[in-house]
Amino acid sequence: MNKQKNISHGVDITVIWLYAILVTIGLVCIFMVEYRGTGDWLSTFLNGKSSYSKQLYFAGFCTFIATFIILTDSKIFTAFANLLYAFGILLMIATFVIGKNINGSKSWIPMGGGFNLQPVEICKIFTALALAKFLSRQETDFTKFKSQAIAAIITLLPAVISVLQHESGMALVYFSFFLVMFREGLSPIVLIIGFSFVALIISTLLVEPDTLAILLTAIAILFIYLYRKLIKKKKGLLYLILFIWFTCVGIQRFAVPFIFNNVLECYQSARVYSAFGKDYDCGDNKRSAKKSSKAPRKPDDYNVRQSKIAIGSGGFLGQGFLKGTQTRGKYVPEQRTDFIFTSLGEAFGFVGCFAFLLVYLFLLFRLIHIAERQRSTFSRVYAYSVVSILFFHIAFNICMTIGLFPSPGITLPFISYGGSSLLSFTILIFILLRLDADRQMVLR
């Protein structure tokens, strides 16, 4: 009994309460979407047939898993970090053989009983543990390029496999680990290059190609003129400016069009273009040309347009519980999962959304506080990985629902329907709570 008390001692109760609040909000949102007022609502919650009923059972199972993690020895996570990562990669690869195709993505493994496991969700946990394990090694010098390259490979390998599974949205989440690496000493130049690349892609979509090429050339000439005296002393600077200019022009003229026309599906390219107010011609898409005999479908920005209508109809105070016309009328596709935020916005309006986001904000700041009080590098890196993953999911999902970002198919943590999603976020959070309870230990 004494040992059991010591194991559970020091767990952050605040995070557990925030977790419980968010899971409850998720159940309410799914209930608002599906319940039609027929029959006893309590019995429908327990019959296991509706989505909110299934989510309730998922939450019960996650509670069991969370309790198990809290009662586990923290050293297990460091001991098995690399093995779990290898297992996660093998699971992702296994989907190509035994995977189930859902909505065009072969990233699910059927587990029986109507439950499908999505390895890319679970692999986020294993990647966070593997990255924490690598960065906490005494022999790892993260100031050296070799260590930075290994860390990048650890984080991007699951992303590459996810893209091959046509889960490009989930692949984006793995870039959140670069924020963790930046916290641990990664050069800001890497982040600057990354953001510059994103800015160049956006500029390519917004500006006519020849005009952008001329603009990039003008910027290069301006830099050469401003640094002309330094260039006379160091010719390498001139070659660097010319290389950057050549690379940028090459990306905007050739790389970006190739990606949109040959790598992405037509609907994916159209969603990105529509996010910036542009129309994409699917006639240019080589992948869709092979599938030209398809039935007519809704416009590629249909989901986002319906989402914005639903949220806008909520106004300042919302239409009220179970009174949303858009979400309850099933006008918004993927209402239970990717666009679950619209049910909250329509029912409770701006005030409800603001209060809801405050809960998320409080959780993120609490997790950052937990990360900063860790003595162990392993625990700190893992804690910041959890914060970064949650931040990416929240930011991408909400920006997607209000039309500020293309629709990548990213769930809203603890709120969206789905056993894999809820399980992965539960494990993420409670491993952190277990590590934090043992923060006086130095784990490697």
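The values are calculated or read from the model by the stated rules, or taken from the named source; none is laboratory data. Everything numeric in this text was worked out from a predicted model, so none of it was measured. When we count neighbours, we look across all protein chains shown, and the Cβ atoms used for this are built from the backbone with ideal geometry, even at glycine.
Identify all residues within the range 371-385 that are surrounded by fewer than 23 Cβ atoms within 10 Å (Cβ to Cβ) and part of a helix (DSSP H, G or I); write none if there are none. Of everything in the range 371-385, those that are surrounded by fewer than 23 Cβ atoms within 10 Å (Cβ to Cβ) and part of a helix (DSSP H, G or I) turn out to be Ala371, Glu372, Thr377. Taking the criterion of being β-branched (Val, Ile, Thr) and surrounded by 16 or more Cβ atoms within 10 Å (Cβ to Cβ), the residues of the range 125-146 that qualify are Ile125, Thr127, Thr140. When only residues in the range 176-203 that are part of a helix (DSSP H, G or I) and in contact (Cβ under 8 Å) with a residue 60 or more places away in the chain count, which is nearest to Ile394 (Cα to Cα)? Within the range 176-203, the match that is nearest to Ile394 (Cα to Cα) is Ser176. Restricting the range 197-220 to residues that are in contact with a helix residue (DSSP H, G or I) (Cβ under 8 Å, 6 or more places away or on another chain), of a type in the set (S, T, N, Q) and within 22 Å of Asp284 (Cα to Cα), the residue that is surrounded by the fewest Cβ atoms within 10 Å (Cβ to Cβ) is Ser203. Of the residues contained in the range 390-410, one or more are found to be modelled with pLDDT under 90, in contact with a helix residue (DSSP H, G or I) (Cβ under 6 Å, 6 or more places away or on another chain), of a type in the set (A, V, I, L, M, F, W, C) and buried (at least 24 other Cβ atoms within 10 Å of the Cβ). Checked across the range 33-53, the condition of being surrounded by 18 or more Cβ atoms within 10 Å (Cβ to Cβ), over 25 Å from the mean Cα position of the chain (by Cα), closer than 23 Å to Leu433 by Cα and modelled with pLDDT under 90 holds for no residue. Specify the residue that is modelled with the lowest pLDDT; the eligible residues are those in the range 265-308 that are assigned to a loop (DSSP other than H, G, I, E, B) and buried (at least 17 other Cβ atoms within 10 Å of the Cβ). Here the answer is Asp300.
In the range 311-367, the qualifying residues are those that are charged (D, E, K, R) and at pLDDT 85 or above, and the one that is nearest to the chain's Cα centre (by Cα) is Arg366. Picking from residues in the range 372-398 that are more than 20 Å from the chain's Cα centre (by Cα) and among the small types (Gly, Ala, Ser), the one that is nearest to Leu428 (Cα to Cα) is Ser379. On the stretch given as the range 112-163, residues that are touching a strand residue (DSSP E or B) at 6+ places or on another chain (Cβ under 6 Å) and under 20 Å from Ala86 (Cα atoms) total 3.
Looking at the range 157-174, is at least one residue over 21 Å from Leu91 (Cα atoms) and touching a residue at least 24 places away in the same chain (Cβ under 8 Å)? No. Taken over the range 221-264, the criterion of being touching a helix residue (DSSP H, G or I) at 6+ places or on another chain (Cβ under 8 Å) and not in a helix (DSSP H, G or I) is satisfied by Tyr227, Leu264. Under the condition of being among the charged types (D, E, K, R) and assigned to a helix (DSSP H, G or I), the residues counted in the range 107-140 number 3.
The residues of the range 313-338 that are crowded, with 22+ Cβ neighbours inside 10 Å and over 17 Å from Tyr35 (Cα atoms), listed by number, are Gly314, Asp338. Remark: Leu179 matches the filter, which requires a residue to be modelled with pLDDT of 85 or more, surrounded by 11 or more Cβ atoms within 10 Å (Cβ to Cβ), of a type in the set (A, V, I, L, M) and under 24 Å from Ser147 (Cα atoms).
Of all residues in the range 382-431, those that are under 19 Å from Ala132 (Cα atoms) and either aromatic (Phe, Trp, Tyr) or in contact with an Asp or Glu (Cβ under 9 Å, 6 or more places away or on another chain) (or both) total 8.
Taking the criterion of being under 27 Å from the mean Cα position of the chain (by Cα), modelled with pLDDT under 90 and more than 22 Å from Phe126 (Cα to Cα), would at least one residue in the range 233-240 satisfy it? Looking for residues that are under 27 Å from the mean Cα position of the chain (by Cα), modelled with pLDDT under 90 and more than 22 Å from Phe126 (Cα to Cα), one finds none in the range 233-240, hence no. Quick one: would you say Lys146 is of a type in the set (D, E, K, R), part of a helix (DSSP H, G or I) and either under 25 Å from Met441 (Cα atoms) or in contact (Cβ under 8 Å) with a residue 60 or more places away in the chain (or both)? The answer is no for Lys146. Against the definition (over 19 Å from Ala159 (Cα atoms) and either in contact with a Leu (Cβ under 8 Å, 6 or more places away or on another chain) or aromatic (Phe, Trp, Tyr) (or both)), how does Thr204 come out, yes or no? Yes; evaluated as a whole, the condition is true for this residue. Tell me yes or no: at least one residue of the range 390-407 is of a type outside the set (S, T, N, Q), in contact with a strand residue (DSSP E or B) (Cβ under 9 Å, 6 or more places away or on another chain), in contact (Cβ under 8 Å) with a residue 24 or more places away in the chain and assigned to a helix (DSSP H, G or I). So far as the range 390-407 goes, no, none of its residues is of a type outside the set (S, T, N, Q), in contact with a strand residue (DSSP E or B) (Cβ under 9 Å, 6 or more places away or on another chain), in contact (Cβ under 8 Å) with a residue 24 or more places away in the chain and assigned to a helix (DSSP H, G or I).
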